[in-house]
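Working notes, beginning with the structure itself.
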């Protein structure tokens, strides 16, 4: 659970994760928060919780890199410290992994059948553009490359070197699991997106950086580097 200035939601988000019968451990990585996030996280009284801290703030990708390195459970799920995603979807996320049909599972906000909060039109357009371009470079057919909810076999995610420190993690990890020929599944999840007033952090600059990451980590980029 990467966390940066989420004092308003970190306790509730953690409690929801801990309520899941699938949760064996919860690694909260506080990424240089300037509010009370880390103190709230450390006050959670549950032996499954470990709080890791980073100073200064380095970005979501850096926090995830630290959490993946420290994970010990068989499966690893990314769960942000806000309340946009619902841990009651863990059953759905883990099913392909438990049945040994997948190595990586993406929780899509755009597959039919699950409720989601209606918010920004241009965010959805940007997401679809990024997902389409990512699919073109990876030869996948994902509907939601930018989703937070990604589940991995622990040995799979720990075998991948994560280079991106911020939101470029999403296209980077997608390109790298595709290049490694890991089995990828996608399942529908619910989504309760928040507004910028409620604390949403990703912006248009992150979208442009995601475009660069799609190209940078693609097989096309690898061929260019090898040809030099």
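Scanning for something outside any helix (DSSP H, G or I) and either at pLDDT below 95 or within 15 Å of the chain's Cα centre (by Cα) (or both), does region 169-181 turn up at least one residue? No, that holds for no residue. State whether one or more residues within region 75-94 are farther than 26 Å from residue 192 by Cα, part of a loop (DSSP other than H, G, I, E, B) and touching a residue at least 40 places away in the same chain (Cβ under 8 Å). No, the conditions are met nowhere in region 75-94.
Is there a residue in region 215-226 that is surrounded by 13 or more Cβ atoms within 10 Å (Cβ to Cβ), at pLDDT below 85, out of contact with any helix residue (DSSP H, G or I) (no Cβ under 7 Å at 6 or more places or on another chain) and over 24 Å from residue 5 (Cβ atoms)? For region 215-226, residues surrounded by 13 or more Cβ atoms within 10 Å (Cβ to Cβ), at pLDDT below 85, out of contact with any helix residue (DSSP H, G or I) (no Cβ under 7 Å at 6 or more places or on another chain) and over 24 Å from residue 5 (Cβ atoms): present.
In region 38-62, the residues that are more than 23 Å from residue 164 (Cα to Cα) form Cβ pairs under 6 Å with partners that are part of a helix (DSSP H, G or I), at six or more places apart or across chains, as follows: 40/10; 40/11; 41/10; 44/14; 46/18. From the list 184, 173, 157, the one residue that fits, being without any contact (Cβ under 8 Å) to a residue 40 or more places away in the chain and in contact with a strand residue (DSSP E or B) (Cβ under 9 Å, 6 or more places away or on another chain), is 173. Of all the numbered requirements in (1) at pLDDT below 95; (2) under 23 Å from residue 190 (Cβ atoms), residue 166 misses one, and that requirement is (2).
Looking only at residues of region 1-42 that are touching a helix residue (DSSP H, G or I) at 6+ places or on another chain (Cβ under 8 Å) and part of a loop (DSSP other than H, G, I, E, B), we find that the one that is surrounded by the fewest Cβ atoms within 10 Å (Cβ to Cβ) is 22.
Going through (1) buried (at least 18 other Cβ atoms within 10 Å of the Cβ); (2) out of contact with any helix residue (DSSP H, G or I) (no Cβ under 7 Å at 6 or more places or on another chain); (3) assigned to a helix (DSSP H, G or I) one by one, residue 110 falls short only on (3).
Give the number of residues within region 94-124 that are on the phi < 0 side of the Ramachandran plot and at pLDDT below 85. Talk me through it step by step, then tell me what you get.
Within region 94-124, the subset on the phi < 0 side of the Ramachandran plot is 94-99, 101-112, 114-124.
After this cut, where a residue has to be at pLDDT below 85 as well, the list is 112, 114-124.
The qualifying residues number 12.
The values are calculated or read from the model by the stated rules, or taken from the named source; none is laboratory data. Just so it is clear, the model here is predicted, and its values are computed rather than measured. Virtual Cβ from ideal backbone geometry, glycine too; neighbours counted across all protein chains shown.
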